[in-house]
Structures are given as C-alpha cells and as structure tokens.
Amino acid sequence: MGHALDHTLMDILIRRRRMQGYEALWLPGMDHAGIATQNVVEKQLAVDGKSRHDFGRDLFVQKVWDWKHDSGGAIQGQMRRLGDSVDWSRDRFTLDEGLSRAVHTIFKRLFDDGLIYRAERIINWCPWCRTALSDIEVDHDEVPGELISFRYGGDQPGEDSIVVATTRVETMLGDTAVAVHPDDERYRHLIGREVRLPIVGRMIPIVADEGADPTVGTGAVKVTPAHDPNDFAIGQRHGLPMPIIMDEDGRIANTGTRFDGMDRFEAREAVREELRAQGRIVAEKRPYVHAIGHCSRSDTVVEPRLSLQWFVRVGPLAKAAGDAVRDGRVLVHPKELEPRWFGWVDNMHDWCISRQLWWGHRIPVWYGPNGEVVCPGPDERPPAGWTQDEDVLDTWFSSGLWPFSTLGWPEDTPDLRRFYPTSVLVTGYDILFFWVARMMMFGLYAMGEKPFDVVALHGLVRDQHGKKMSKSRGNTVDPLEWIDRYGADALRFTLARGANPGGDQAISEEWVAGSRNFANKLWNATRFALMNGADAGAGLPAGDELTDADRWILGRLHAVTREVDALLEDFQFGKSAEALYHFTWDEFCDWYLELAKVQLQAAERTADVTRAVLGYVLDTLLRLLHPFVPFVTEALWTALTGGESVTIAPWPPPEPSTVDETEVAAQRVAAVQKLVTEIRRFRSDQGIGPGQRVAARLSGLDTPGLAPFDAAIRTLARLGQPGAALRPTVSFEVGLPAGTVTIELDTSGVIDLAAERARLDKDLAAARKELAGTEAKLANPSFTRKAPSEVVDKIRLRREVARADIERIEARLGALAAR
C-alpha cells in the first residue's frame with residue numbers, strides 16, 4: 001500500500017506536468033533487493049532440503065534471475081493496473097549491464113580517491129541472513145530482557161574482585177578487560193591490576209577509560225571488543241585482544257568451554273546458571289526493558305560482531321549532502337522535516353557496503369598470491385590467477401546511483417544532459433536516509449551537481465485506526481484486491497485525499513468505496529450532460545447571455561482551478577483532491593446540474609447557453625481530475641470532446657475569472673441554496689416525504705433578486721404552483737442577506753397525521769431510552785473513573801444528541817396537536 005501511495009503521487013505530478021507541456025520523464029525500474037531476494041530463493045530451496053551451497057555460486061545466481069523475471073513481471077503488472085504513466089521503453093534494473101558498469105566505475109573512483117577502504121570493524125551481523133547490515137537496516141525495538149550483575153575474580157582469599165552488569169551475559173566468554181572511569185574513587189585502587197574471568201579462567205586487566213560511566217550500573221564495564229561497538233573502541237585505545245566467540249550462525253565458538261556449539265540464546269541461559277552455581281550473581285533485574293536491534297528483513301536479533309568488511313568513508317560525501325540542503329540548492333518538502341535530514345547526514349558513520357551474499361554486484365577487487373590488492377576499472381582485466389573478493393555490494397550502493405546511472409552515466413549521453421538533475425524526488429520519509437542520502441552523496445560526487453531540486457516527502461499508510469500495517473497485526477491490505485473491487489481510480493483518489501506532506505495517513509475499505517461512489521457521481525453527471533447535448537467545443541457564450549447560475553459555477557470553476565494549481569505546486573495532494581471532490585460533488589453535481597435541468601427546459605437560447613457551459617465546465621473539470629483518476633476521466637473526456645486523449649490535453653491555466661467580478665451571481669446562488677435547504681429541512685420536520693410535491697406560495701423573491709430562480713427553487717424543493725385555490729396550512733419565513741422570503745404550504749392530504757404521530761411517538765420513546773441509558777452510565781463513578789477518556793466523551797456526546805432529539809420530536813408533536 002505504501003508503494004501504491006508513492007506511485008499515485010508520482011503519477012499525479014508527471015501527468016500534470018505532461019499536460020502543462022513539459023518534456024516530462026518518469027523512468028521506471030527496480031533494484032535487485034539483495035538480501036530480501038536471496039532470502040526468498042533460499043527459503044524456496046530449503047523446502048527441498050537444499051541450500052545455495054548445493055548449487056554453487058553461478059547456478060544459484062541463475063535461479064535468482066529466474067525468480068526475478070517472474071516477480072519483476074508481477075510488479076510491472078501492478079504498476080500498469082494502478083495507471084503509472086511511465087516511459088516503459090526506459091525500464092531499468094540495477095543489475096542491468098549499463099547500471100552494473102556505473103557501479104563498477106564509481107567504486108573504482110571512490111577506491112582510488114581513498115573513500116573506500118577495507119578494515120576490521122564491529123558491524124551488525126544477521127545470523128539468519130548470514131551477512132553484515134548497515135545501521136539503517138537495523139530496527140531498534142524496546143523489548144523485555146534481563147540485567148545480570150555478577151562478580152569477576154575473588155576466587156581465592158585476598159584476590160581482587162569487581163562486579164559488572166550486562167544484558168548479554170554469554171558475551172563474558174570473550175571479555176578481555178574490565179573498564180572503570182579514571183575518576184571513579186571506588187575503583188581507583190584496582191586500575192592496572194588483573195581479575196580472573198569466571199568460567200574461562202584467564203586473567204584480564206582492569207583499565208581506566210572514560211567510556212565507562214560511573215552512574216550506570218556498578219560503574220564497571222565488562223569489555224568484549226569483538227562483540228560490542230563501545231567495547232571495540234575501548235579495546236583499540238588499550239590494545240586489547242579481540243577474540244571472536246560467535247560464528248556466523250550465532251553459535252558460541254572458540255572459547256574452549258562446554259558452551260561451544262550452543263546457540264547464543266541457549267548459551268545465555270546456560271552461562272547464567274553456571275555463574276549462579278558458582279555463587280557469582282549479585283543481582284538480577286527482570287524484566288529489564290531495553291532497545292534491541294533486529295534485522296529489518298528477517299526480524300532476527302542482530303549480533304554486533306568484529307568482521308573484515310568494506311566501508312565508504314562518508315565524511316566529505318555527507319558534508320556535501322548536508323550543504324546542498326543548507327544553501328538551498330535542494331529543498332526538503334515539507335521544510336519541517338529538514339532537521340530529520342540533518343540529523344542523519346551530520347552524524348553519519350562510515351557505511352559498511354560489503355554483504356556476504358551471492359546475489360548482487362560483486363565487489364570489483366582482486367587479491368594476488370602475496371596479499372596484493374587491485375581494483376581494475378570496468379575496461380581493465382585483473383591479473384591472471386588473482387581471485388576476486390567473494391562479497392557483493394549493499395543494494396543501496398547501486399540504488400544511490402539511480403538518478404544518473406539510468407540516464408547512461410558514465411557515458412555523456414543526451415539523456416543525461418537533458419534530464420539531470422531531476423526535478424522532483426517523491427518518497428516516504430522513512431527512507432530519507434536509506435536512499436535519499438545515498439543519491440545525494442553519489443550525485444554530488446560523480447556529477448558535481450545535485451541529483452534533484454526537491455525532495456517531496458510523504459508519510460506512511462496506516463490502517464483505519466492509525467495503526468502501522470504489519471503482517472503480525474494482520475492489518476495489511478493488498479492494493480490489487482481493492483482495485484479489483486472498486487477500481488484503480490477509487491484507490492488512487494483515496495490515497496491522494498489522505499496525502500499531506502510528511503504526514504502519515506489512515507486508509508480503510510469504506511473510504512475507498514466512497515471514492516468509487518465519487519467516480520460514479522462524475523460518470524453519471526457527464527452522462528446527463530451528454531444526453532442533454534452538452535457542447536465542449538462551443539466556447540463560452542457572451543457574458544450577457546449567462547444566467548446567474550452559469551456565472552456562479554464558472555466563477556467557482558476558475559477559483560478551484562487556481563486553488564488546485566497552487567496546491568499541486570506545493571505538493572499538497574490531499575488538499576487539492578479535497579477541493580476537487582467538494583467542487584464536483586457539492587457544487588457542480590448537487591446544485592449546478594439541478595439548476596441546469598430547469599434552464600434546459602427554458603427558451604432555446606438559454607438551453608444552448610446552458611449546454612455550452614456544461615461542456616466547458618466538464619471539459620475543464622475532467623482535465624483537473626485526470627492526474628488523480630486517469631481511467632474514468634479518459635473515458636469521459638474523450639466521449640465529451642472527441643479528443644484523442646486527455647493525457648495530452650492542455651492543463652487548465654489558472655487564469656482569473658471575469659464572469660462574476662462583482663460576485664452578485666454567487667450571492668444570489670448562495671441565497672437560493674440557503675432557501676432550498678431551509679425548505680427541505682422544514683418539509684422533513686413536517687413529515688413530508690422527499691418525493692411528495694406540495695403546492696406552495698413564495699412571497700418576497702423579488703427583493704433578493706431571486707425571481708428568475710422561481711422555477712428552479714420549486715424544482716429543487718419539490719414545490720408545486722400555488723393555484724387559485726391554495727389553502728395554506730403551514731407557513732414559515734427564511735431570512736436572507738438581501739430580504740426575507742415567506743413560504744406558505746398546503747399540506748392538506750399530504751400528511752397522514754395519525755401515522756406521523758405514531759412514528760414520532762416511537763422515535764421519542766427510543767430517544768428517551770437512549771438518554772436514560774447514557775445518563776445512568778455517566779452517573780456511575782466506576783465507569784467515569786475507569787473507562788478511557790475517549791469512551792466517556794463518546795457517551796457524553798450520545799447524551800447530548802438524545803436530548804436534542806427529544807426536544808425536536810416534542811416540538812413536532814406539539815405542532816401536530818395544534819392541527
């Protein structure tokens with residue numbers, strides 16, 4: 001559903017720009033999703049008890065390509081069904097030959113410039129995916145665990161001891177020191193001495209290091225340099241050994257203890273119990289809630305692990321990416337999300353780009369027999385007999401080149417000169433760092449120019465209750481199911497209406513059904529216009545031929561055109577969709593079409609003018625709506641105008657309206673709307689059915705200038721002519737800004753008084769029962785104290801509604817009794 005939102009917003013922008021006459025490029029494609037894709041294929045092999053190693057690298061990669069061809073076709077089919085107006089002739093894939101050449105080229109440049117290096121560092125290791133992860137591929141969740149405080153040393157009388165605390169007690173098997181703060185008076189006498197490491201038995205030093213916080217735990221920190229980033233830094237400062245005590249599957253290894261071969265979580269329990277048996281546990285805290293990193297793809301708990309990996313030295317690249325936003329070359333929209341951008345790029349760590357996978361761009365580095373290292377360019381051959389690095393590059397490395405690699409870089413192509421930098425990047429704020437930062441860094445480095453002018457950020461799609469969609473909650477939705485049920489236009493319009501810059505949005509099937517109803521309303525309105533000879537090619541008649549209703553709808557159309565144009569320039573998709581919805585439904589369909597029905601029955605010239613106005617308004621409206629709902633507008637616009645396609649029709653210019661400069665027509669139509677609404681309300685209160693026509697006399701229409709609307713008012717309010725024998729049974733007045741209109745109705749024979757009284761008595765009893773029930777709940781202190789505040793507020797609202805219903809029904813019964 002997030003992709004459906006992303007693509008809907010991009011399509012709105014590209015269709016509008018195309019209609020405005022721009023050479024508008026939306027280039028489609030996919031990345032190879034290294035870890036996720038390899039995991040899918042490996043799981044398929046596991047069903048048959050096989051692994052990738054049973055096939056070898058080349059055959060396994062071919063199997064992944066086979067899977068990609070099937071899934072890639074499915075993705076393209078989804079894009080087509082949604083209505084993506086992309087240039088399919090330019091479809092790209094990050095493992096295509098041209099894009100692979102771009103990856104090799106930029107790796108070589110970065111390598112030669114000293115911005116790519118290989119080193120042993122603590123990285124995030126996923127035992128399930130069996131690969132390194134970058135920081136942004138790790139989700140941190142608060143989970144309950146345990147905090148164990150236990151004693152090192154003190155095995156013999158007079159032997160030094162010290163108490164440390166940890167949430168990962170199994171890692172103590174790899175400790176090579178205990179660190180204390182140099183100013184911590186409690187431990188100053190121990191600095192430089194050694195304590196015995198429990199279970200393992202070796203002696204380890206107590207070192208002074210400012211990385212130890214005296215206010216946390218016992219103030220003494222166990223140091224496991226190969227399995228914790230902070231400990232690694234302490235280990236580097238003090239030259240400590242860094243034994244790796246877990247293998248790639250997350251099993252204990254190389255400790256020489258009985259725990260070797262155990263899964264890390266099994267070992268955690270076993271080590272804890274061994275320490276307990278030795279009487280070393282001083283304190284235990286359970287549950288101890290703390291943040292744990294999980295692989296964003298497999299949800300496996302990530303293990304910090306010392307590993308030899310490739311890194312990008314991001315310092316100068318990240319600074320350039322930050323400066324491009326600071327100096328205004330790139331705009332982050334909405335501006336309120338700029339701090340999120342700077343929070344990432346100003347504090348970026350070197351980027352681990354190597355992955356222990358087979359699917360992806362293999363690192364273009366070769367090793368010689370004597371430890372030599374070479375990175376040949378894409379047109380150079382490696383020395384004979386040398387071996388290539390086994391790892392592949394992080395998927396985001398190649399995705400970060402997308403704005404220029406897809407246009408032919410590193411070659412100087414016409415497309416690259418024409419379309420780089422791109423105008424707008426539309427994406428969710430959740431991958432601002434994953435993808436956007438990478439594109440900024442690489443674009444500025446490789447091209448010397450920003451990759452885009454604007455980063456337009458939208459939020460996440462949540463369920464109707466505002467909850468994040470996830471498979472574990474069971475609240476995910478397949479957009480294709482809603483497209484099958486309600487049409488692509490309905491899904492697109494719902495997503496667009498909820499899209500406010502940078503904000504999350506909720507979505508429900510009920511709202512999509514409502515958008516389907518909107519499309520039906522537009523369809524029926526256009527069908528009515530066509531059946532009545534609407535003429536989109538006639539042009540607007542002279543101003544003195546237009547009725548007030550014509551001037552009003554044309555004025556509103558021009559105002560909405562200006563409003564929508566300005567909102568879309570500001571990426572306000574939700575507000576622009578909302579403006580078009582209300583103009584279409586509330587003003588054009590509910591009022592102008594009803595007024596037009598009367599005008600179409602008038603004199604021939606008035607009817608012709610109405611047909612021209614209908615055609616003009618619908619032509620403009622369908623073009624304004626096209627980027628949002630392309631399928632229905634294409635069908636309706638071509639039927640209305642006979643044009644080739646609304647896709648290439650000109651976008652309506654936001655020109656000022658000159659048809660109702662004094663707004664007299666708008667004021668009169670507003671008066672008609674108020675008058676008709678009040679008559680309808682009065683009829684309902686009197687129990688007159690909406691389809692029943694009632695004879696009526698309207699007095700005072702001349703004063704507010706509504707005499708020309710007499711026939712329209714009677715049609716809209718279902719009022720008949722008074723006739724000579726009118727005997728009013730009820731009357732009321734409607735105050736308008738320019739005067740008061742009196743309405744006299746002859747309801748004799750229209751209302752069955754006995755049936756109406758019976759209906760009202762039944763409604764009154766129900767309202768009184770509702771009032772009694774809500775008052776009883778609110779009088780119960782236990783309910784008001786324990787129930788959630790939103791539940792209590794809802795009961796209070798129900799009570800007020802019941803009181804209002806009782807008052808209204810009693811007034812109506814009183815009026816009937818007077819007859």
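The values are calculated or read from the model by the stated rules, or taken from the named source; none is laboratory data. Treat the numbers as computed from the prediction; the structure is a model and nothing was measured. Cβ: placed from backbone, ideal geometry, glycine included. Neighbour counts: every protein chain shown. The area values use the complete protein model at the heavy-atom level, side chains included, leaving out ligands, DNA and RNA. Shrake-Rupley method; radii C 1.70, N 1.55, O 1.52, S 1.80 Å.
List of remarks:
- Under a model in which nothing but the beta-carbon of Lys, Arg (+1) and Asp, Glu (-1) is charged, segment 531-608 shows a dipole of about 40 debye around its Cα centre.
- Radius 9 Å from Cβ of P728, net charge of other residues (Lys, Arg +1; Asp, Glu -1): 0
- Surrounding net charge for D660, when Lys and Arg each add one and Asp and Glu each subtract one, Cβ distance under 12 Å: -1
- Label-point separation in nm, R81 to R202, each point 7 Å along Cα→Cβ: 5.9
- With every protein chain in place, the chain: carbon and sulfur % of accessible area (1.4 Å): 50
- Percentage, to the nearest whole number, of Cα pairs in segment 139-229 over 18 Å apart: 43
- FRET efficiency for H582 and R697, using Cβ-Cβ distance with R0 set to 30 Å, rounded to 0.05: 0.30
- For the chain, the longest principal axis of the C-alpha atoms and the axis of helix 34-47 are separated by about 80°.
- Summarising the amide proton neighbourhood of E146: residues at separation of 5 or more, or on other chains, whose placed amide H is nearer than 5 Å comprise Y288.
- Couplings 3J(HN,Hα) of segment 101-116, computed from phi: 4, 4, 4, 4, 5, 6, 4, 4, 5, 5, 4, 5, 7, x, 9, 10 Hz, in residue order, whole Hz [Karplus 6.51 cos²θ - 1.76 cosθ + 1.60, θ = phi - 60°; x for Gly and Pro].
- In straight-distance terms, cross-link reach from K50 covers every one of the aspartates and glutamates whose alpha-carbon lies under 18 Å from its own, apart from those fewer than eight places away in the same chain; here that gives E42, D58, D66, D249.
- Note: relative contact order over segment 591-715, using C-alpha pairs below 8 Å and six or more positions apart, is 21 percent.
- Relative contact order, percent, segment 171-293 [alpha-carbon distance under 8 Å, six or more residues apart]: 22
- In order through segment 401-413: 3J(HN,Hα) via Karplus (6.51 cos²θ - 1.76 cosθ + 1.60), integer Hz, x for Gly, Pro: 8, 3, x, 10, 5, 6, 9, x, 4, x, 6, 8, 9
- Charge dipole (Cα centre; +1 on Lys/Arg Cβ, -1 on Asp/Glu Cβ; no other charges) of segment 342-462 amounts to roughly 380 debye.
- Straight-line cross-link partners of K319 among the lysines, defined as a Cα under 25 Å from its Cα and at least 8 positions apart when in the same chain: K108, K335, K450.
- Residue among V195, Q464, G154 farthest towards the positive dipole end of the chain, charges placed on Cβ: Q464
- Derived scalar couplings between HN and Hα for segment 189-205 equal 6, 8, 4, x, 9, 10, 10, 7, 6, x, 6, 6, x, 7, 8, 10, x Hz in order, rounded to whole Hz, by the Karplus curve 6.51 cos²θ - 1.76 cosθ + 1.60 (θ = phi - 60°), x for Gly and Pro.
- Evaluated on segment 210-262, the Kirkwood hydrodynamic radius is 12.5 Å, with distances taken between all distinct Cα atoms.
- Which listed pairs, of K43/K63; K43/K68; K769/K794; K285/K468; K468/K777, have C-alpha distances above 22 Å, in listed order: K285/K468; K468/K777
- Cysteines without a disulfide-compatible neighbour (Cβ-Cβ under 4.7 Å), the chain: C352, C375, C589
- Backbone amide hydrogens, once placed in the peptide plane, bring A506 within less than 5 Å of R462, excluding anything fewer than 5 places away on its chain.
- Cα-based convex hull volume of the chain per residue, rounded to whole Å³: 246
- With all protein chains kept in place, the per residue accessible area of segment 340-476 amounts to 43 square angstrom at a probe of 1.4 angstrom.
- Only Lys, Arg, Asp and Glu carry charge here, each on its Cβ (+1 for the first two, -1 for the last two); on that basis the chain has a dipole of about 2140 debye about its Cα centre.
- Look at the dipole of the chain built from charges on Cβ: of V629, V325, G217, the Cα furthest out on the positive end belongs to V629.
- Amide H contacts of V730: L745, T747, each under 5 Å away and 5 or more positions distant or on a separate chain (H built 1.01 Å from N in the peptide plane; Pro and chain starts excluded).
- Positive-pole candidate from P369, T638, G474, dipole of the chain, charges at beta carbon: G474
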